[in-house]
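Student: Input: one structure, supplied below.
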Amino acid sequence: MTKILLVFTGGTIGSTILNGTINTSEKQGFKLLDLFEQIYPDTGQFHFNCIQPVQLLSENLFPSIWETLIKAIEAENIAQYDGIIITHGTDTLAYTAAALGLYFNNIKIPLLLVSSNYPLECSQANGLTNFQCAVEFIRQRKQAGVFVPYKNPGFETLVHIATRLSSCLQLSVILSVCKQRLF
């Protein structure tokens, strides 16, 4: 049996839409597990131990949250797990991935940060696909280290080295589009 520590932190993957507003929900992480169990052929081969040390949208994250997250993971006996999956928002994913990649640079199991471009109830959400990739990466014992699986629309899911991600520069893209329209 593959044993996975599943760490819920909120983010879009842990959010729901209510009255046109996206916000975190303590139950949404478990919805991810429910969706996974509905589509995965043999969920009995996995045991997930779930913890939820923080619950926030990643744009509200600040560096002291990394300390809370690290302490929660270290409080678990990680030697008993085949891997760790952390659900996280996309807005600050690159920063947390880099911080955890540096901190857990000598980890003996895979640690994967999983996010979603939309809340899970949206048909275009990639969170479940990203989560499946993380579970398979752990199940197949690909390699130890800190990684981020992510599926961009129209492409296959890629597994990135956590310390090699760059932040999404949304404002720069918007400014670039505005400049093109002005000139």
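Student: So is Asp42 out of contact with any Lys or Arg (no Cβ under 8 Å at 6 or more places or on another chain), surrounded by 14 or more Cβ atoms within 10 Å (Cβ to Cβ), at pLDDT below 90 and of a type in the set (Asp, Glu) or not?
Tutor: no
Student: For Gly11, which of the numbered conditions (1) farther than 20 Å from Pro119 by Cα; (2) in contact (Cβ under 8 Å) with a residue 24 or more places away in the chain fails to hold?
Tutor: For Gly11, the exception is condition (1).
Student: Restricting attention to the stretch 46-73, report how many residues are within 24 Å of Lys108 (Cα to Cα) and either of a type in the set (Phe, Trp, Tyr) or loosely packed, with under 11 Cβ neighbours inside 10 Å (or both).
Tutor: Selection size over the stretch 46-73: 4.
Student: Under the condition of being touching an Asp or Glu at 6+ places or on another chain (Cβ under 9 Å) and in a loop (DSSP other than H, G, I, E, B), which residue from the stretch 79-104 is surrounded by the fewest Cβ atoms within 10 Å (Cβ to Cβ)?
Tutor: Checked the stretch 79-104; the qualifying residue surrounded by the fewest Cβ atoms within 10 Å (Cβ to Cβ) is Asp91.
Student: Filter the stretch 1-17 down to the residues that are β-branched (Val, Ile, Thr) and at pLDDT below 90, then identify the one that is surrounded by the fewest Cβ atoms within 10 Å (Cβ to Cβ).
Tutor: Within the stretch 1-17, the match that is surrounded by the fewest Cβ atoms within 10 Å (Cβ to Cβ) is Ile17.
Student: When both residues are 6+ apart or on different chains and their Cβ atoms are under 9 Å apart, which pairs have a first residue that lies in the stretch 27-50 and is part of a strand (DSSP E or B) and among the aromatic types (Phe, Trp, Tyr), and a second that is exposed (fewer than 14 other Cβ atoms within 10 Å of the Cβ) and at pLDDT below 90?
Tutor: Filtered contacts from the stretch 27-50: no entries.
Student: Consider Leu111 carefully, then state whether it is crowded, with 22+ Cβ neighbours inside 10 Å and not in a loop (DSSP other than H, G, I, E, B).
Tutor: Spelling it out, Leu111 is indeed crowded, with 22+ Cβ neighbours inside 10 Å and not in a loop (DSSP other than H, G, I, E, B).
Student: Take the residues in the stretch 18-39 that are surrounded by fewer than 16 Cβ atoms within 10 Å (Cβ to Cβ) and among the charged types (D, E, K, R); name whichever of them is nearest to Ile70 (Cα to Cα).
Tutor: Going through the qualifying residues, I end up with Glu26.
Student: If you check every pair at least six apart or on different chains, which have Cβ atoms under 6 Å apart with a residue in the stretch 85-97 that is over 17 Å from Cys133 (Cα atoms) first and a residue that is of a type in the set (D, E, K, R) second?
Tutor: From residues that are over 17 Å from Cys133 (Cα atoms), the pairs are Asp91/Glu59.
Student: Taking the options Asn105, Asn130, name whichever one is polar (S, T, N, Q), at pLDDT 95 or above and over 24 Å from Ile22 (Cα atoms).
Tutor: Asn105
Student: If you check Glu76, Glu136, Glu156, which single one turns out to be over 23 Å from Leu61 (Cβ atoms) and either surrounded by 14 or more Cβ atoms within 10 Å (Cβ to Cβ) or β-branched (Val, Ile, Thr) (or both)?
Tutor: Glu136
The values are calculated or read from the model by the stated rules, or taken from the named source; none is laboratory data. As the structure is a computational prediction, the values presented were derived from the model and not from experiment. Counting neighbours? That spans all protein chains shown, and the Cβs are built from the backbone with ideal geometry, glycine included.
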